[in-house]
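No value in this document is a laboratory result; all are computed from the given coordinates. All values reported here derive from a predicted model rather than from experimental measurement. Cβ sites come from the backbone with ideal geometry, for glycine too, and all protein chains shown count toward neighbours.
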Amino acid sequence: MARVRYVIDHERAEWVVRSLIDAWRRKLPPFDHAEPVPGRLPKTLEPGSVQHAIWLMVGLLYMRGRIDSAQAFLRLCKVFDEHPWMFDVQTFAGTLSEEVRLRMHEILKENGLGFNVRETVRFWDFNLKKVNRFWEGNPLRIFGEAKDYAELCRIFMIGKGDPDLSTGFMGLREKMVSMYLYFLINAKLVEPMMHPGPVDTHNIRVLASTEAVKAVTMEPGTRYEFYQVSPVIREVYRLYCTTVDDVLDFANALWYLSRDFCSRSQGNASTTGGYRGRATEVTAKRISWTESKTEIYHSTCGLCPVESVCGWSLPSARQYNQGFLEIRSARPKPHAHQETLLEVPRAIVSRGPKPVASRWAGIEEFKHMHQETLDK
């Protein structure tokens, strides 16, 4: 498939960024009851300790698609309180026995954390073993050595999979490096450092639906491929978040808005067939503007600070099952009297491509592209 080209609508992007940051800081609806993830710590964990940083590092393994991140952290609290040895780097100092590995599998499954459990435990073991061997058992030392975000990415990403290097951690790319910084700064475990927010499905969905970040052609079937659009969204953070607080607040707003509100928009409602990896079928649910559905609209989209420029539906089910976000239709509104969604032709949506995790230095071509804001 040809590589899609994305551009920043700079006037629109700046307005979206400032509007969401302002609404988050003033706790305006829908953010009046919002709180950053994780909202709770284990009862036996000392805030601000090295163990706090280790617990958050382990939590990164659950910050991926098809997992409720807030619930995952709540369950990880229970695991920490009842099985603290799983967060002790000394447990992983030597070769992890098969008996201990299987016990970890069992504990995680018992606590509702069984998704990809084999891979999770493998990454858990590898990363804490590296922290113990090269960083004196303290992941915060990594941040003391790195002078900026680029250096952090080098430490966490270069040499991935090599147990004899101090650098290269499993499961951490740019998104997770940003996520870890986001967690640690919020917890006041490290000095604030400028960085792009963690670019994920939620960031992409809001910025695509508002056309702050656009594909050259915007229509049903237009795809937002994660590894291609992520550098462009990191550029939005660089250009329009001028302080660390801006980064944190914008990331919080995007995450909460998409996860708890965009997900309830009728245009994003989906059903999926039996899970078959990238071949999983994703089908749009019919729109029915009953009284209760109209009330949901007014309590979700109707409260959104950027609703006036949000024009598209992009269901997350497509990303989580097939590896890309895709415009399904114009965003439905009750007063438009829409009865059903226009489906993208089956040949386009029946199967998603396997995402290519290659680096793409594509932001250079966007730095000087100042497109005019489209007419509403």
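Numbers for the structure displayed
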| item | result |
| --- | --- |
| Segment 313-321 - phi-based ³J(HN,Hα) in whole Hz, Karplus 6.51/-1.76/1.60, Gly and Pro as x | 9, 10, x, 6, 4, 5, 5, 5, 9 |
| Estimated [θ] at 222 nm from DSSP helical runs (n ≥ 4, -39500 (n - 2.57)) normalised by residues in the chain, nearest 500 | -13000 deg cm²/dmol |
| Label point distance in nm, Arg141-Ala70, each placed 7 Å from Cα along Cα→Cβ | 3.7 nm |
| Qualifying aspartates and glutamates (Cα of each under 14 Å from Cα of Lys43; at least 8 residues distant if same chain) | Asp81, Glu82 |
| Neighbour-count order for Met157, Met57, Met104, fewest beta carbons within 10 angstrom listed first | Met157, Met104, Met57 |
| Taking N as its residue count, the alpha carbon Rg of segment 50-186 over 2.2 N^0.38 Å | 0.99 |
| Inter-label distance for Thr243 and His83, nm, one decimal - labels placed 7 Å from Cα along Cα-to-Cβ | 4.3 nm |
| Hz values of 3J(HN,Hα) by residue in segment 81-86 - Karplus curve (6.51, -1.76, 1.60), Gly and Pro given as x | 5, 9, 9, x, 4, 6 |
| His33/Ser292 FRET efficiency (R0 22 Å; Cβ-Cβ; nearest 0.05) | 0.55 |
| Inter-centroid distance (Cα atoms) of segment 303-317 relative to segment 4-55, Å | 18 Å |
| Long-range HN-HN contacts of Ser166 with modeled amide H, under 5 Å | none |
| Computed label-point distance, nm, for sites Glu106 and Lys188 using a 7 Å Cα→Cβ extension | 4.1 nm |
| Sites Arg40 and Asn116, calculated FRET efficiency, Cβ-Cβ separation with R0 25 Å, nearest 0.05 | 0.60 |
| Taking the chain and dividing mean pair separation by its residue count, relative contact order in percent (alpha carbons under 8 Å, at least six apart) | 21 percent |
| Potential lengthening between Ala150 and Ser308 on full extension [0.36 nm per residue; Cα-Cα distance subtracted] | 53.3 nm |
| Cα convex hull volume per residue for segment 190-293 (Å³) | 155 Å³ |
| Using a Förster distance of 25 Å, the FRET efficiency for Ser299-Arg18 (Cβ separation, nearest 0.05) | 0.55 |
| Likely footprinting exposure, Leu128, Leu108, fewest C-beta neighbours within 10 Å first | Leu108, Leu128 |
| Neighbour-count ranking [beta-carbon atoms within 10 angstrom, fewest first] of Phe92, Phe123 | Phe123, Phe92 |
| The chain: mean projected area of Cα convex hull, nm² | 19.0 nm² |
| Residue-wise HN-Hα coupling along segment 100-114, computed from phi with Karplus coefficients 6.51, -1.76, 1.60 (Hz; x: Gly, Pro) | 5, 4, 5, 5, 4, 3, 4, 5, 5, 5, 4, 9, x, 10, x |
| For segment 141-191 and segment 228-302, distance of Cα centres in Å | 27 Å |
| Residues whose placed amide H lies under 5 Å from that of Trp312, excluding near-sequence neighbours | Arg331 |
